[in-house]
Structures are given as structure tokens and as C-alpha cells.
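What follows is one structure encoded as C-alpha cells, with my remarks underneath.
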Amino acid sequence: MASGNMAVMTTPALAQAMPAFVQGLLLCFGLIVAIGAQNAFVLRQGLRREHVAPVVLFCALADAVLISAGVLGMAQALGASPVLARSLALAGAAFLAWYGWQALRRVSHAGQLQAAEGGAGLSRGAVLAQAAAFTLLNPHVYLDTVMLMGSIGAQQPPGLRGWFVAGSSTASLVWFCGLGFGARWLAPLFRNPRAWQVLDGLIGLTMWVMAALLLRHALRSF
């Protein structure tokens, strides 16, 4: 009986939290799934079965830390300036619309994700140093995680920001785990341009939906 009451009590809270979780999940997934040096590096390590777990864990943790820092820092800045909050929401909506348009454009000329399997084995430290370089020396990672996801996550009510970060971190962890540990099975798929066309189409539509939701949120604050 007590467990039933607890379930009833927690259902409304979960119903409020899930949209924030799903928004963070979809946004991070849409931004992280792209042909790039970091993804090719993780795929290569997976194909070679060399220090896969440390690489996957580093990339996922780096995303989680950057997104958390972005949400917390942006929340303080946006709380002190409603005008800045609206401006960043409008800018975020515009960026997501542009990003979605770029993804849909790639449908007509999709590329391939190549990752070489050869080369001499490296120590764990050397591999992690490369992972850090591919992750932290890319300026776009700060635009995506700290600025864009930080500003969008900060738009959430204070009690739901943690759910947004959890959703984003889950997407990052699932993606890198699939890329690293499933490399043997995923590599042929990622070499097929048709797979990227379908994926880009889904990403483009998702980004447009999220841009519309963010725009609605920004306009409601006027």
C-alpha cells in the first residue's frame, strides 16, 4: 500500500521531469551525431579494440562536465538579465533552425565516416591525450555544450535543469558507447552514405521541432 502511494506521488514529478530529460537527450544527440574527428577517433579505437573504455568514458564525462558548467553558468547569467535570456533563446532557436537546415541539405550529398584500423598500438595515456585533444581543442564543442546547450538548459525551471543535463549526458554516453564498443558492427553502416542520409533527415526535423519550441518559449516571455 505504501509503495502504491509513493508511485502516485512520484508520477506527477516524473511527468514534469521527462520533457526536460527528453529535450536534453534529443538536443545532445542531434548535435553529437556528425562526421567529425572525435567520432572517427572513437570509432578507430573501437575497431582496434584499444583502450576503448577509457576513451568512451573520457568523451562522455567531458560532455557532461561542459554541459553542466554551461547550464549552471548560463542560469546565473540569465537569472540576472531577462533580456539576455530572451535574446539567447531567440539566438538558440535561430541556430537550431539553421543546424536543421544544414542537416537536411546533407541528405542530398551525404558523406562517410572513415576510420583506419592500422597503426602501432599506443599507451593508455597517449590515447587519452589524443582523445582530450580531439574533444577540448575543438572550438565547436564549447559552442555546442557550454553556449547552446547551456543557454537552452538554463531556460528550464530550476528543479528541472538537472533532468536536462541528465538527458544530455545520457545521449552522449549512449552514443560514444555505441560508437566505441559497437564499432565492429557499426563501421559498415557508417561507411554507407544512405545511413547518414536517413540520420541527417531525422536530425534536421528534430532540430526544427526544438527550434519551434524554443521560439515559442522566447515569445511567451515578452
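The values are calculated or read from the model by the stated rules, or taken from the named source; none is laboratory data. Predicted model only: the values in this text are computed from it and were never measured. With ideal geometry, Cβ positions are generated from the backbone for all residues, glycine too; neighbour counts draw on all protein chains shown.
Do you know which of the residues in the stretch 28-54 that are buried (at least 20 other Cβ atoms within 10 Å of the Cβ) and at pLDDT 90 or above is farthest from residue 128 (Cα to Cα)?
My answer is 28.
Working only within the stretch 12-26, note down all residues that are modelled with pLDDT under 75 and surrounded by 10 or more Cβ atoms within 10 Å (Cβ to Cβ).
Within the stretch 12-26, 13, 14 meet the criteria.
For the stretch 85-131, what are the residues that are more than 27 Å from residue 26 (Cβ to Cβ) and modelled with pLDDT of 80 or more?
Of everything in the stretch 85-131, those that are more than 27 Å from residue 26 (Cβ to Cβ) and modelled with pLDDT of 80 or more turn out to be 123, 124, 125, 126, 127, 128, 129, 130.
Just a yes or no: is a residue in the stretch 55-71 modelled with pLDDT under 85, assigned to a helix (DSSP H, G or I) and farther than 13 Å from residue 141 by Cβ?
No, the conditions are met nowhere in the stretch 55-71.
Pick out, from the stretch 129-222, the helices (runs of 4 or more DSSP H) lying fully within it that include 1 or more residues that are within 23 Å of residue 82 (Cβ to Cβ) and small (Gly, Ala, Ser).
150-154, 161-181, 193-220
Cβ contacts < 7 Å: first residue within 30 Å of residue 153 (Cα to Cα) and of a type in the set (Asp, Glu), restricted to the stretch 38-67; second residue crowded, with 20+ Cβ neighbours inside 10 Å and modelled with pLDDT of 90 or more, any location; separation 6+ or different chain. Result?
Short answer, once both residue conditions are applied: 63/169; 63/172.
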